[in-house]
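The values are calculated or read from the model by the stated rules, or taken from the named source; none is laboratory data. The model shown is predicted, which means the values in this text are computed figures rather than measured ones. Neighbour counts are summed over all protein chains in view; Cβ atoms, including those assigned to glycine, are modelled from backbone coordinates with ideal geometry. What goes into the accessible areas is simple: the full protein's heavy atoms, side chains included, and nothing from ligands, DNA or RNA. Shrake-Rupley method; radii C 1.70, N 1.55, O 1.52, S 1.80 Å.
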Amino acid sequence: MRYFFFPITLAGLLASCSTLPVPGTVKDPRSVQEAKLVLRQAATAQGNPWKNQQRIGVTYEGEWSAFATRTQPVLTDPEFRKTSREIYQPRLPEVVQIHTGPAGTKKVVRSGRSTAVSFNGARSGDREVLDAAALVADAYTAFLFGPSWLGERGSDLSLLDDSALDGEICRLVAGRLAPGIGNSSEDHFIAWIGSKSGLMKRFQFSLNGLDTTRGADVDVVFSDFQKAPDGSVWPRHFVERIQRPFATKAHEWRMTSLALNGRMVRMEPITD
């Protein structure tokens, strides 16, 4: 089995392929309080859904790159992860993901720090499968709830130098997650917050929750933000790229529906 995780000497040589800052390695002692404020304001701009919503249902559909499926078959699980129905209950907290693909149905239940996985109704006890599912469940929670979730989980916050993305100057909030994403003890992230829109436009994070990705980092760029009737704002389009040990596209997907507290909602596009 081949992975996109490389020996450290080669990873160091290839790291320059990405121009993005490295989560957890770029230090800037600017005001912690200012970083907290930027993240808090971004959560407010989004409608603070991790705090204010009780039950959120989403559906997704997307495609993995051939490179991602070839090098990380357990994580990408392309025979099952083509479309997905997901239920998030922040107050428990619990995530239920029903993935569907050519091989059938995969169910993931992430409750607190525990994870259960079944394929076509058969429970899996494989450690790599469980670690991969935990990583995916936590990462997708971060993607969907953004600063609202990071504001509760993130620590050691600081501001990095501003950077532009899609024509908007972004404030870069760096931080640490302990426990980390999935079953890792610690991960680092950088949230790109639009200075005009106030929305999280990019999320960089380390992948320490899986043996085969430890030492790598990825980013997800968010677009097509839309507003629900209650004023909450949600990204509809997601593009994920591996940044290190080298840069390449991994995954692109779209949100196809949103339900809040058991009711499907109609969203309206917003302009940044």
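Counting pairwise Cα distances across the chain, what percent come out greater than 29 angstrom?
Working: 10155 of 36856 pairs.
In whole percent, the share of Cα-Cα pairs in the chain beyond 29 Å is 28.
The residues HIS251, HIS188, sorted by heavy-atom accessible surface at 1.4 Å with ligands and nucleic acids left out, run HIS188, HIS251 from largest to smallest. Element breakdown for the chain at a 1.4 angstrom probe: carbon and sulfur atoms account for 52% of the accessible area. For LYS36, the aspartates and glutamates whose Cα comes closer than 15 Å to its Cα, not counting residues fewer than 8 places off in the same chain, are ASP28, GLU152, ASP156.
Note on LYS51 and GLU79: with the Förster distance fixed at 25 Å, the Cβ-Cβ geometry gives a FRET efficiency of about 0.10.
Could you tell me the relative contact order of the stretch 203-249? Use alpha-carbon pairs under 8 Å, at least six residues apart, and round to a whole percent.
Working: 79 pairs, mean separation 14.5, N = 47.
Computed over the stretch 203-249, the figure is 31 percent.
Quick check: Cα centre of the stretch 233-256 to Cα centre of the stretch 63-87, how many Å? First find each Cα centre; the distance between them is then 12 Å.
Dividing the C-alpha radius of gyration of the stretch 84-180 by 2.2 N^0.38 Å, with N its residue count, gives 1.31. Accessible area per residue for the chain is 44 Å², calculated with a 1.4 Å probe on protein heavy atoms, without ligands, DNA or RNA.
The value of relative contact order for the stretch 40-197, using C-alpha pairs under 8 Å at least six residues apart, is 17 percent. Relative contact order of the chain, taken over Cα pairs closer than 8 Å and 6 or more residues apart, is 23 percent.
Report the Rg/Rh value for the stretch 159-240, based on alpha-carbon coordinates and the Kirkwood definition of Rh. Reported Rg/Rh (Cα atoms, Kirkwood Rh): 1.02. Counting 0.36 nm for each residue step from GLU168 to SER257 and taking away their Cα separation leaves a gain of 29.3 nm.
Listed cross-link partners LYS51/LYS107; LYS51/LYS227; LYS27/LYS51; LYS51/LYS201 are compared with a 28 Å cut-off, the Cα-Cα value being larger for LYS27/LYS51.
Subtracting the Cα-Cα distance from 0.36 nm times the residue separation, let me have the gained length for LEU92 to ASP211 in nm, one decimal. Present the calculation step by step, with values, prior to reporting the outcome.
Values: separation 119, 0.36 × 119 = 42.84 nm, distance 2.80 nm.
Result: 40.0 nm gained on full extension.
Can you list the residues of the stretch 54-95 with backbone N under 15 Å from a point 7 Å past the Cα of ALA122, pointing along Cα to Cβ? Once the point is set 7 Å along Cα→Cβ of ALA122, 80 turn out to lie under 15 Å by backbone N, inside the stretch 54-95.
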